[in-house]
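These notes concern the structure reproduced below.
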Amino acid sequence: MASTRVRTIAVLAVVYIDMLGVGLAFPILPKLIEQFEHGDVSRASFIFGILAGAYALMQFLLAPALGALSDRYGRRPIILLSLLGMGINYVLLGFAPNLIWLAAGRLISGAMGASFSTANAYLADITPPEKRAQSFGLIGAAFGFGFITGPILGGMLGAIDLHLPFLAAAVLSFTDLLFTFFVLPESLDDAHRKPFSFARANPIGALRELGRYGEVAGLMTVYVLAMFANRVAEMTWVLFSSYRFHWGPFETGLSLAGVGVMFVVGQGFLVRIVVPRLGERRAILMGLFVSAILTAAYGVIPQGWMVYPIMALGVFGWVIGQPATMGMMSKSVPVNEQGLLQGAVASLTSLTSIIGPPIWTGLFGYFVSPAAPIIIPGAAFFVAAAVFLLALGIALRWLEGHTVPAAA
């Protein structure tokens, strides 16, 4: 049996290569849709939004089922299934002659997008409860590395041909599939597996099952609110930075690479120092408070260079709070329901991707329009900061009255 260190490196490699493939395709998909629509940017933007919503909807509906299947059959086959689905998705995108192929690829990708949540469950299986926050942070660091390198390579390949990044991503996904098949052993032994039940393999059923663990409900509420608030930059950053700072693609791309660096530093290194010293409870509270302050700061800064000091301080925000929250939730759930937990978390997180775009972009659009009583480009950031504060209030109240087990 491979050592814990080797297995951790192997599962992080799976996440990194998977995210690298996502990053390769990320900057190209809107341009490919625009090409199919004969250069109609407005219509292409509308279709891109629909595809993004369809992807998130599939994750919302099916992530609990994949999590429950991983509790029954193990983490390894679900990770393999996810990588196979991603590879098929990129092949469809790479050879797509029309929008129907694109839609099919995105639906498959959303349905099979379980690598991150199942990787979290895998690390929970092989990591002592007191160290799970640090392990979940490593997943974020692998995500960050992929987010830094993927868009750069995708942009370079897309300049040659718009289909090329998707074909490269397909090769990476199938390579990842082979790597996982031969290197990554199963983490969940037969004694800890749980029978599959359709009653809990859906978003409502999964939440009802997790409701048996009182500690999870409050933490899940905090987590979803924080993820929803965190979506504001993802949804509005290009629009906001272009309007407020007059940034072009280069400046925007540089700032997005900075986000990747923040994840690598914060979740790859600082989590391992901060969480053991502060404890998960205080790390969650600190992360929410810092994120509330910094999110509001994004909305008021007058010059683009000020983004980077705020971003640097962001490593002490939700970047730290997220793995600490995941660590506490993981300790509240037994071994044979880690997949259920991660599936439910992935499902609710994807829900924020469905409802987030119209809310955050709608706030930005309204408060820079002639219809607004006053022009406030940072309005969406101010509302997001308020949501972080709401999550902080819930966390304070919940953590005062609940004790999370030291082991699970």
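Within the listed set 253, 150, 321, the residue fluctuating most in the Gaussian network model of the chain (springs between alpha-carbon atoms under 10 angstrom) is 253. Between 85, 144, 393, the residue with the greatest mean-square fluctuation in the GNM of the chain (Cα pairs under 10 Å linked by springs) is 393.
Averaged over residues, the count of other Cβ atoms within 10 Å places the peptides 7-16, 75-84, 176-185 in the sequence 75-84, 7-16, 176-185, highest first.
For segment 141-282, a simple Cβ point-charge model (Lys and Arg +1, Asp and Glu -1, everything else neutral) yields a dipole of about 600 debye relative to the Cα centre.
Take the Cβ atoms of residue 243 and residue 270, set R0 to 30 Å, and the FRET efficiency comes out at 0.40.
Shape call for segment 282-365 from the C-alpha gyration tensor, a ≥ b ≥ c root eigenvalues: rounded (a/c under 1.5), prolate (a/b greater than b/c) or oblate? Note, shape of segment 282-365 comes out oblate. Distance between the 7 Å Cα→Cβ label points at residue 204 and residue 312: 5.1 nm.
Evaluate the charge dipole of the chain about its Cα centre and quote only its size in Debye, nearest 20, assuming +1 on the Cβ of each Lys and Arg and -1 on the Cβ of each Asp and Glu. Show your work: numbers first, answer last.
Details: 23 positive and 19 negative charges, 147 e Å.
Charge dipole of the chain: 700 debye, to the nearest 20.
Heavy-atom accessible surface of residue 194, to the nearest 10 Å², is about 40 Å², with a 1.4 Å probe and all protein chains retained. Take segment 341-393 with all the other protein chains still there, run a 1.4 Å probe, and you get 37 Å² of accessible area per residue.
Note on residue 194: lysines with a C-alpha under 18 Å away, same-chain residues under 8 apart excluded, are 331. Projected onto their three principal axes, the Cα atoms of the chain cover extents of 60, 49, 36 Å, largest first. A 1.4 Å probe over all protein chains sorts 17, 28 by accessible area into 17, 28, starting with the largest. Ignoring aspartates and glutamates fewer than eight residues from residue 131 along the same chain, the ones with Cα atoms less than 12 angstrom from its Cα are 280. Computed from label points 7 Å out along Cα-Cβ, the spacing between residue 372 and residue 95 is 4.7 nm. For the chain, carbon and sulfur atoms together expose 72% of the accessible surface, with a 1.4 angstrom probe and every protein chain in place.
Rolled with a 1.4 Å probe across the full set of protein chains, the surface gives residue 231 an accessible area near 30 Å².
The values are calculated or read from the model by the stated rules, or taken from the named source; none is laboratory data. All values derive from a computational prediction rather than experimental measurement. Counting neighbours? That spans all protein chains shown, and the Cβs are built from the backbone with ideal geometry, glycine included. Note: accessible area is taken over every heavy atom of the protein model, side chains too, but ligands, DNA and RNA are not part of it. Shrake-Rupley method; radii C 1.70, N 1.55, O 1.52, S 1.80 Å.
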